[in-house]
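For reference, the structure is listed below as structure tokens.
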Amino acid sequence: MDEMAKFGFGFMRLPEIEGADGEMHIDIDQAKEMVDIFMDAGFTYFDTARRYHFGKSEAALKEALVDRYPRDSFQLASKLPAWVAKGPDEARAMFDASLDQTSAGYFDFFLMHNLGEYRTKAFDEYGIWDFLFQKKEDGLIRKLGLSFHDNAAALEAVLDSHRPLDFVQLQINFADWENSLIESRKCYEVARARNLPVVIMEPLKGGSLVHLPAAAVEVLREANPEVPLASWGLRFAASLPGVLTVLSGMSTADQVRENTRIMTSLGPLNEQERVALEQARAILASVPTVPCTSCGYCVEGCPEGVRIPSALYALNIMTLFDDMPMASHEYDWRTAGGRASSCIECGACELACPQHIEVMKELARAAELFE
Ligand code: SF4
Ligand code: SF4
């Protein structure tokens, strides 16, 4: 049997709990439990970023992992988003801030975060490539790479105009494999043609690939009734050659339990399962859902605090299951702190969205449907 890729824990959608101040905070006790389950299952790769979980992910990772396990028992990845800085000093200072917040001492993997579109040029203008190669020479980075949200031609241009990296991190899942905006397959092939190991993000598309239309579920269940729905996306990604690690941004202890079980007990997809997954992909592609991955980038710059991913999630529930009570219930509790109707159409979210979603139009639809 072929090997499955390794499994990584993405610290981007951590569980939350209401604090004494009435605000939502990372549920650090549950995060610790999740880390323990993950490590007990034999997995050791953790992926964070300065911007994950509203800038609090790195500190949470320190508390849940770095402070509790020997440094050589896990691998840690973080990322530098040069495009949010106003100049080179601010961009470079992010590296020390990441080291400080994680207390990691060094990074096993470090990434220039989210290159593509207008974001790429900040890394050149601020000298971040040379700066990070120097950090690697200084022993503070073991493997240097980049994460990317744009098309394959743009990836090719970035890779071919700079010094060789150690790896790339790409958005790859079965739903986006042939998607003309994301170009998962083509981006993967660009990396493979350069012998660059790939770290896969969003193998379950922010969790949406465990909520499939009934017809797609039926096809998959028929091919293999024994396996959980999440296993299809994880195994699709982990079955690809040249993949270093498949990341999952897990939010509950149960998700960690299920996903680690999938990654330890199930092998790569067999031929019959591949055919079924192709059919499920075709069914999914025929349903016009909003391609939101709940990454949260849009939320940080929203002046009105609109709960954008939650509103889009409720829209997708409605589209997939045609169930107004369920979609409406999801909308009510998930957007309580920032309804779609409070959008003032400033457009900041659309500039930040790596999935190119017409957020304002979708929010207007959500407000009309659910409010
Ligand atoms: S367009 Fe609306 S939702 Fe988007 S950032 Fe502006 S106020 Fe927020
Ligand atoms: S709308 Fe775009 S930026 Fe916002 S959470 Fe969804 S995918 Fe991320």
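Just a few scattered comments:
- No disulfide-compatible partner, judged by a Cβ distance under 4.7 Å, exists for the following cysteines of the chain: CYS187, CYS292, CYS295, CYS302, CYS343, CYS346, CYS353.
- Under the simplified labelling scheme, the THR319-ALA214 pair shows an inter-label distance of 2.0 nm, with each label point 7 Å from Cα along Cα→Cβ.
- Computed over the chain, relative contact order equals 16 percent, with contacts defined as Cα pairs under 8 Å that lie 6+ residues apart.
- Normalised per residue, the accessible area of the range 6-285 is 40 Å², obtained with a 1.4 Å probe and no contribution from ligands, DNA or RNA.
- Alpha-carbon gyration tensor eigenvalues x 5, square-rooted, for the range 28-91, Å: 26, 12, 9
- Taking every Cα-Cα distance in the range 297-370 and sorting them into 5 Å bins starting at zero, the pair-distance distribution P(r) comes out as 3, 19, 31, 25, 15, 6, 1 percent.
- Cross-linked pairs LYS62/LYS186; LYS32/LYS143; LYS135/LYS205: Cα-Cα separations exceed 29 Å for LYS62/LYS186; LYS135/LYS205.
- For the chain, calculated [θ]222 nm from helices alone, where every DSSP H run of n ≥ 4 adds -39500 (n - 2.57): -13000 deg cm²/dmol
- The SER161 and GLU222 beta-carbon pair, evaluated with R₀ = 30 Å, returns a calculated FRET efficiency of approximately 0.05.
- Proximal aspartates and glutamates to LYS86, defined as alpha-carbon separation beneath 19 angstrom and excluding residues fewer than eight positions away on the same chain: ASP96, GLU117, ASP124, GLU125, ASP130, GLU300
- The alpha-carbon of LYS6 sits under 20 angstrom from the alpha-carbons of these aspartates and glutamates, leaving out residues fewer than 8 places away in its chain: ASP36, ASP40, ASP47, ASP72, ASP108, ASP166, GLU189, GLU202, ASP254, GLU258.
- Euclidean distance of C-alpha centroids, the range 201-217 and the range 96-145, integer Å: 32
- If the chain linking GLU278 and ALA97 were pulled fully straight, counting 0.36 nm for each residue of separation and taking away their Cα-Cα distance, it would gain 60.8 nm.
- Test item: Cα-centred dipole of the chain, Lys/Arg +1 and Asp/Glu -1 on Cβ, debye: 720
- Note on LEU369 and ASP67: the model spin-label points, each 7 Å out from Cα along the C-beta direction, lie 4.1 nm apart.
- Extension gain, ARG185 back to ASP138 (0.36 nm per residue minus Cα-Cα distance, nm): 13.4 nm
- Gyration tensor (alpha-carbon) shape descriptor, the chain, a/c threshold 1.5: rounded
- Within the straight-line cut-off of under 12 Å between alpha carbons, the aspartates and glutamates reachable from LYS361 are GLU345, GLU350, sequence neighbours fewer than 8 places apart in one chain being disregarded.
- Cut-off 14 Å (backbone N to label point 7 Å along Cα→Cβ of ILE344), residues of the range 302-330: 302-306
- Net charge dipole, the range 208-272: roughly 180 debye, given to the nearest 20, about the Cα centre with Cβ charges of +1 for Lys and Arg and -1 for Asp and Glu.
The values are calculated or read from the model by the stated rules, or taken from the named source; none is laboratory data. Keep in mind it's a predicted model, so treat the numbers as computed, not measured. Cβ coordinates were reconstructed from backbone atoms using ideal geometry, including for glycine residues, and neighbour counts include every protein chain displayed. Surface areas here come from the heavy atoms of the whole protein model, side chains and all, with no ligands, DNA or RNA. Shrake-Rupley method; radii C 1.70, N 1.55, O 1.52, S 1.80 Å.
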